[in-house]
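J.: Please see the structure below; I have some questions.
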Amino acid sequence: GGCCVTCRSGRSYPRTIIFSSPRTIMPPSDFQKARDAAASAEASSSPYLYAEVDGRPYFPTLHAKTSGDDGDNNLSIIRAAVAVVLAAAAANGDTASSELSAVSIPSDEELAGHFTVNVVSGGITNSLYRVSGLTTSSLLADALPETSELKGHDSVLVRVFGAEGMIDRDVENSTLASLVDQGIADRYLGRFANGRLEGWLDGFRPLSKEEFADAPTSDAIAVQMANLHASFVVPDYLQSFHDPSQPAMWTQLHAWMKQALSYEQFKTEADTDRAQKLNLSNIEAELDHLEKEVVPADAGVAFCHNDLLAANIMKCPTTGRIQLIDFEYGGVNYRSFDIANHFNEFAGGTTEEENGVPDYSLFPTEERQEAFVRSYIRASKEGSGAAATVASSDGDSKDDEDKQVQLLLREVHAFILANHLYWGLWAVNQAAMEGCDDFDYLTYAASRFGEYQNGKAKIEAQLQSS
């Protein structure tokens with residue numbers, strides 16, 4: 001939820017969806033059932049028909065506009081927000097119902113007079129809007145039951161999806177619902193045809209990469225990551241999409257490698273020249289070397305966030321509380337990949353201002369890496385209930401913890417290298433598909449491949465000596 005900012009566009013894990021034998025229809029297939037029901041409904045002229053999926057309203061034919069006249073766009077965004085809020089208030093909590101209900105919303109004049117829309121800057125994958133006026137407007141005050149999770153919150157976040165076709169939105173929304181229901185992600189209120197409504201995190205702000213160096217902030221992030229890895233349980237109906245025996249990293253790396261090698265021409269001649277200088281066949285050899293010689297095949301696996309850059313971590317300055325947001329790239333992966341990815345994000349490079357140039361002088365010091373991993377391990381034990389058996393005053397357990405820290409750090413260092421190739425290849429493919437006018441993907445790719453080479457000798461020496 002909150003004023004989330006995603007500074008990478010179109011990151012995705014294309015998933016092969018395998019349907020097993022017929023099973024009780026559950027989300028995410030309920031989204032398709034709702035679309036079918038709306039398409040055949042005689043009243044399909046009304047965009048305000050909805051079904052309940054994952055215990056939340058879904059409006060299959062209600063679209064929010066983001067291009068064209070600002071006034072029209074704002075009204076369509078307000079309509080989507082108000083429809084979802086009213087339907088959520090009327091929801092009976094069925095996890096799934098293909099029955100369609102309808103909601104009636106106030107006139108455009110009333111909506112325009114009661115609600116305001118502000119663009120939330122920084123989203124490249126999605127368009128983000130803050131809609132305010134929920135508690136101050138008499139239009140909704142009476143409709144919200146006392147138990148509503150919106151009581152006392154004046155704003156909501158409207159997320160209009162981008163990266164169309166790159167992310168399976170049915171799976172993503174069902175996964176988010178489960179993350180929310182298990183207390184890991186913030187509120188998800190409902191979905192419409194091309195987006196969804198989320199809670200607005202009052203009093204929170206996104207972190208800046210410079211804040212990663214602050215020990216209490218960094219340790220709090222480690223605890224939240226450990227909590228995700230140790231406590232999120234993928235529900236049965238999502239197991240075929242998030243298969244614990246199929247961590248995403250290698251599959252994705254090889255797919256992106258193949259894709260990157262397939263481009264003969266980029267959007268401009270200069271880009272084609274720059275892409276050739278990246279020497280991708282050399283990168284392919286490095287990828288094979290990493291897989292065969294460097295990255296441990298038995299590394300631990302968990303449901304990972306996969307994108308913990310500064311903009312996806314919210315902090316409440318008054319309480320210090322940390323909330324992870326934007327789980328759209330979440331999935332089963334190596335937990336050390338999640339940690340390594342976060343360490344590499346200390347350097348940034350993906351905001352418009354940085355335009356593809358990370359600052360590796362900000363990479364975490366050895367002391368910070370060790371402290372982060374120690375906090376992560378302690379929180380993981382608590383999350384799995386193993387902490388009770390470890391008395392911290394016990395000398396043996398201190399030795400034991402030190403060993404665990406060193407072992408996990410070794411694993412993370414190998415994944416730091418893999419992570420450079422991962423986002424480097426992602427950037428090459430983005431450059432081919434989107435060009436480099438809005439963001440210099442090829443500079444970013446060159447930075448990541450360059451840092452891979454810089455770190456390779458040092459990290460491989462460390463791995464061999466330990």
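J.: Mind running the shape call on segment 176-245? Use the C-alpha gyration tensor, a ≥ b ≥ c as the square roots of the eigenvalues: rounded below 1.5 for a/c, prolate if a/b tops b/c, oblate otherwise.
T.: Cα axes put segment 176-245 in the oblate bin.
J.: Helix 29-40 sits at what angle to the longest principal axis of the chain, using alpha carbons and giving 0 to 90 degrees rounded to 10?
T.: It is inclined by approximately 30 degrees.
J.: Moving to a separate point now. With axes computed from alpha carbons, what is the tilt in degrees of helix 366-383 against the longest principal axis of the chain, rounded to the nearest 10 within 0 to 90?
T.: For helix 366-383, the angle is close to 50 degrees.
J.: Probe radius 1.4 Å, ligands and nucleic acids left out: which of E367, E354 has the largest accessible area, and how do the rest follow? Show your work: numbers first, answer last.
T.: Values: E367 135, E354 40 Å².
Accessible-area ranking of E367, E354, largest first: E367, E354.
J.: Whole-Hz Karplus ³J(HN,Hα) for segment 149-157, in order, using 6.51 cos²θ - 1.76 cosθ + 1.60 and θ = phi - 60°, x for Gly and Pro?
T.: Whole-Hz 3J(HN,Hα) from phi for segment 149-157: 6, 9, 3, x, 9, 8, 10, 10, 9.
J.: Okay, next question. What angle do you read, to the nearest 10 degrees and between 0 and 90, between the alpha-carbon axis of helix 441-465 and the longest principal axis of the chain?
T.: Once rounded, the angle reads 50 degrees.
J.: Considering only protein heavy atoms, what is the solvent-accessible area of L86 at a probe of 1.4 Å, reported in Å² to the nearest 10?
T.: 30
J.: Which whole-angstrom value gives the distance between the alpha carbon centres of segment 213-239 and segment 246-324?
T.: Cα centres, segment 213-239 to segment 246-324: 20 Å.
J.: If packing is taken as the average number of other Cβ atoms within 10 Å across a peptide's residues, how do 60-71, 297-308 rank, most packed first?
T.: So the peptides 60-71, 297-308, ranked by packing, come out 297-308, 60-71.
J.: Applying a 10 Å radius around every beta-carbon, put 268-281, 368-381 in order of their mean neighbour count, most first. Before the final figure, lay out the partial values.
T.: Working: 268-281: 14.1, 368-381: 20.3.
Answer by packing, highest mean first, reads 368-381, 268-281.
J.: Expressed in whole Å with the largest first, what are the equivalent ellipsoid semi-axes of segment 301-456 derived from the C-alpha gyration tensor as the square root of 5 times each eigenvalue?
T.: Equivalent-ellipsoid dimensions as semi-axes: 32, 17, 14 Å.
J.: Divide by every residue of the chain the summed helix terms, -39500 (n - 2.57) for each DSSP H run of at least 4, and state the resulting mean residue ellipticity at 222 nm, rounded to the nearest 500 deg cm²/dmol.
T.: It comes out at -14000 deg cm²/dmol, rounded to the nearest 500.
J.: If you don't mind, there's one more thing I want to ask. In Å, what Kirkwood hydrodynamic radius results for the chain from the alpha-carbon pair distances?
T.: Taking every pair of different Cα atoms in the chain, averaging 1/r and inverting gives 23.6 Å.
J.: Determine the relative contact order of the chain: mean sequence separation of Cα pairs under 8 Å and six or more apart, normalised by residue count, in whole percent.
T.: 17
J.: Return the equivalent ellipsoid semi-axes of segment 205-312 as a descending list in whole Å, where each equals the square root of 5 times an eigenvalue of the C-alpha gyration tensor.
T.: Each semi-axis is √(5λ); the values are 32, 22, 15 Å.
The values are calculated or read from the model by the stated rules, or taken from the named source; none is laboratory data. Because the structure is predicted, anything quoted here is derived from the model rather than measured. Quick reminder, even Gly has a Cβ in these numbers, built from the backbone with ideal geometry, and neighbours come from all protein chains shown. For accessibility, only protein heavy atoms count, side chains too; no ligands or nucleic acids. Shrake-Rupley method; radii C 1.70, N 1.55, O 1.52, S 1.80 Å.
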